[in-house]
Amino acid sequence: MAPWLTPDWRDRAPAMLLNLEDPDGNPLPTHFDRRWLWRLEGFLSINGTTDAHRAMRHDLYQYLCITCEHVWRESTDYDDNPLQQCLWCNRVEWP
């Protein structure tokens, strides 16, 4: 059966859409519509085959980064300095 013929979109949804927790088990405040936009941007970045697709992906990525509701995850850099990185736009900040 073709994947788009499954009875419900949730059967094909990646974990990022359905999870209510971040990778560390904390509640994920990012609302569902925003997660869909990030999924669409990721899809276009891999599968955008025309100039129009690439332009749409570029515009969507800029919009999402500018309006990102950061969800920070604590980590360290290569020199073991503490940092935080957004789960969505991947922005990095050193506290």
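The values are calculated or read from the model by the stated rules, or taken from the named source; none is laboratory data. Computed from a predicted model, the values in this text were never measured in an experiment. Virtual Cβ from ideal backbone geometry, glycine too; neighbours counted across all protein chains shown. For accessibility, only protein heavy atoms count, side chains too; no ligands or nucleic acids. Shrake-Rupley method; radii C 1.70, N 1.55, O 1.52, S 1.80 Å.
Mean residue ellipticity at 222 nm from the helices of the chain, using -39,500 (n - 2.57) per DSSP H segment of n ≥ 4 over the full residue count, to the nearest 500 deg cm²/dmol? Walk me through the numbers before you get to the answer.
On the way: 3 runs with 36 residues, N = 95.
Calculated from helices alone, the mean residue ellipticity at 222 nm is -12000 deg cm²/dmol.
In degrees, nearest 10, range 0 to 90: what is the angle between the Cα axis of helix 32-47 and the longest Cα principal axis of the chain?
80 degrees
Compute for segment 2-93: radius of gyration divided by Kirkwood radius, i.e. Rg/Rh, restricted to C-alpha atoms, rounded to two decimals.
Numbers: Rg = 15.4 Å, Rh = 15.0 Å.
Checking Rg against Rh, the ratio lands at 1.03.
Within the chain, what whole-number % of the accessible surface is contributed by carbon and sulfur, with the 1.4 Å probe and all protein chains included in the calculation? All intermediate terms of the calculation are to be shown ahead of the outcome.
Working: 3910 of 6990 Å².
About 56 percent, which is the carbon plus sulfur part of the accessible surface.
Which of Asn90, Ala52, Leu28 sits closest to the plus end of the dipole of the chain, meaning its Cα is farthest towards the positive end, when Lys and Arg get +1 and Asp and Glu get -1 on the C-beta?
It is Ala52.
Give me the 1.4 Å probe accessible area per residue for segment 29-95, excluding ligands and nucleic acids, in Å².
Values: 4770 Å² over 67 residues.
I get 71 Å² per residue for segment 29-95.
Of the peptides 63-71, 21-29, how do they stack up when ordered by the mean number of other Cβ atoms within 10 Å, highest first?
Output ranking for 63-71, 21-29: 63-71, 21-29.
Tilt of helix 51-66 relative to the longest C-alpha principal axis of the chain, in degrees (0 to 90, nearest 10)?
With both axes taken from Cα atoms, the answer is about 40 degrees.
Take His31 and Leu18, extend 7 Å from each Cα along the Cα→Cβ direction, and tell me the distance between the two endpoints in nm.
In this crude label model, His31 to Leu18 measures out at 2.3 nm.
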